[in-house]
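Read-outs: derived from the displayed coordinates by stated rules, not from any lab. Nothing here was measured: the structure is a model prediction, and the numbers come from that model. Quick reminder, even Gly has a Cβ in these numbers, built from the backbone with ideal geometry, and neighbours come from all protein chains shown.
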Amino acid sequence: MVRMIICVCRGLNTSKVSDAIAAGARSPRAVHSHYQTTINCGKCCETVCGMIREQAGPNVSEGQDMLAAAE
C-alpha cells in the first residue's frame, strides 16, 4: 500500500489509519483516539470512514460511522 497523508492536521497517513482500524477503531474519532489526537478540521473523516468500510467489512454500519464522524 502506498502511504498517503489522510489527516494533514494530525499527520495520520494510510498506514496509521489502517493500524488503528486493525486494532478495532470503527469511527474517525476512534482512529484519532488510538493515537491520542482529536479531529480538528474534519476533512479526513470521509476518507477514514471509507477505509473503515473497506477494511472492517459489512459488520460496520455506514450511518454509524458518519454519525460518529460528525460528533
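Values computed for the structure shown
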read-out: Among residues of the range 23-42, those that are touching a helix residue (DSSP H, G or I) at 6+ places or on another chain (Cβ under 6 Å), not in a loop (DSSP other than H, G, I, E, B) and not hydrophobic (A, V, I, L, M, F, W, C), counted; value: 3
read-out: Tabulated pairs, the range 1-30, first in contact (Cβ under 8 Å) with a residue 24 or more places away in the chain, second surrounded by fewer than 17 Cβ atoms within 10 Å (Cβ to Cβ) and among the basic types (Lys, Arg), C-beta under 6 angstrom, 6+ apart or interchain; value: 14/3
